[in-house]
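Student: Attaching a single structure in structure tokens format; questions to follow.
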Amino acid sequence: MPFEAHHYNTSRYGKDLTRFVAPPYDVIDPVLERKLKEDRLNITHITLGDEHDKYCVASRRLKTWLDDKVLVKDSGRSFYIYEQTFAGLDGLPRVRSGIVGLVKTRGVLQGCRTSSREDHTRHKADRMELMEAMKGDVEQVFLLYEDASGEIEDILRTSKIRDEEFRFVDPDGVQHR
């Protein structure tokens, strides 16, 4: 479903969002977390929290960022085209494109990358508590879809002629736009 997204204020910070982004929460180790949190506006301050009551603190921080226009709301509901460019195993560039939209989370969190059933239960509970505190979600869930008709591929191809809204390069050198 289309949704009203909040995003970093590009009129204040520009289109390059590298300093604000982070990998998925479940692959961030303590060393990387400290590095990312050196920037007071990095998303990890919300997705991982900072203090004893991390969900409450994260929720307050999100409200402050919205009030201070660090994050701004799009005008209207939309789907968002998302593209990643990276080197394949053969060293050649690969492009992965997709659509960001709103989905119901029942059953989706089962795919979290964790090392044990115990980790899975802990991560799932952690993300559910964060979503409850936020009254929504601040992270994406990566899902695959089948496009036998080619309709979605046509939409993605057409969207590439538009100007990009945001871009960044992650620590692994993957370009996101």
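Student: In the range 1-31, what residues are among the basic types (Lys, Arg) and touching a strand residue (DSSP E or B) at 6+ places or on another chain (Cβ under 7 Å)?
Tutor: Scanning the range 1-31 gives a single hit, 15.
Student: Name the helices (runs of 4 or more DSSP H) wholly within the range 1-99 that hold at least 2 residues that are hydrophobic (A, V, I, L, M, F, W, C) and open to solvent by 30 Å² or more (accessible area, probe 1.4 Å)?
Tutor: 30-36, 54-67
Student: Of everything in the range 139-177, what is among the aliphatic types (A, V, I, L, M), surrounded by 12 or more Cβ atoms within 10 Å (Cβ to Cβ), farther than 17 Å from residue 102 by Cα and at pLDDT below 90? Give them in sequence order.
Tutor: Once the filter is applied, which keeps residues that are among the aliphatic types (A, V, I, L, M), surrounded by 12 or more Cβ atoms within 10 Å (Cβ to Cβ), farther than 17 Å from residue 102 by Cα and at pLDDT below 90, the range 139-177 yields 155, 156, 169.
Student: Same structure, new question: Output the number of residues of the range 28-63 satisfying the condition of being farther than 22 Å from residue 18 by Cβ and among the β-branched types (Val, Ile, Thr).
Tutor: 1
Yes/no matrix, rows are residues, columns are (1) β-branched (Val, Ile, Thr); (2) in contact with a Phe, Trp or Tyr (Cβ under 9 Å, 6 or more places away or on another chain); (3) within 27 Å of residue 163 (Cα to Cα):
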| site | (1), (2), (3) |
| --- | --- |
| 11 | no, no, yes |
| 19 | no, yes, yes |
| 38 | no, no, no |
| 44 | yes, yes, no |
| 57 | yes, no, no |
| 79 | no, yes, yes |
| 99 | yes, yes, yes |
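Student: Looking at residue 97 and the list (1) in contact with a helix residue (DSSP H, G or I) (Cβ under 6 Å, 6 or more places away or on another chain); (2) at pLDDT below 85, which single condition is not satisfied?
Tutor: Result: residue 97 passes all but (2).
Student: In the range 137-148, is there at least one residue being within 25 Å of residue 65 (Cβ to Cβ) and in contact with a His (Cβ under 9 Å, 6 or more places away or on another chain)?
Tutor: Yes, the range 137-148 contains at least one residue that is within 25 Å of residue 65 (Cβ to Cβ) and in contact with a His (Cβ under 9 Å, 6 or more places away or on another chain).
Student: So the check is Cβ under 6 Å with 6+ separation or different chains; which pairs have a first residue in the range 155-177 that's closer than 17 Å to residue 16 by Cβ and a second one that's of a type in the set (Val, Ile, Thr) and assigned to a strand (DSSP E or B)?
Tutor: Listed by first residue and then by second, the contacts come to 175/85; 175/169.
Student: Still on this structure, please answer the following. Give the residues of the range 23-77 that are among the small types (Gly, Ala, Ser) and either in contact with a Leu (Cβ under 8 Å, 6 or more places away or on another chain) or more than 24 Å from residue 99 (Cα to Cα) (or both), sorted by residue number.
Tutor: If the condition is that a residue be among the small types (Gly, Ala, Ser) and either in contact with a Leu (Cβ under 8 Å, 6 or more places away or on another chain) or more than 24 Å from residue 99 (Cα to Cα) (or both), then 49, 58, 59 are the ones that fit.
Student: Still on this model: Only residues in the range 16-32 that are under 18 Å from residue 58 (Cα atoms) count as the first member; pair them with residues that are basic (Lys, Arg) and open to solvent by less than 60 Å² (accessible area, probe 1.4 Å), Cβ under 8 angstrom, at least 6 apart or cross-chain, and list the lot.
Tutor: Sorted first by the residue in the range 16-32, then by its partner, the pairs are 25/127.
The values are calculated or read from the model by the stated rules, or taken from the named source; none is laboratory data. All values derive from a computational prediction rather than experimental measurement. No Cβ is skipped: glycine too gets one built from the backbone with ideal geometry, and neighbour counts run over all protein chains shown. For accessibility, only protein heavy atoms count, side chains too; no ligands or nucleic acids. Shrake-Rupley method; radii C 1.70, N 1.55, O 1.52, S 1.80 Å.
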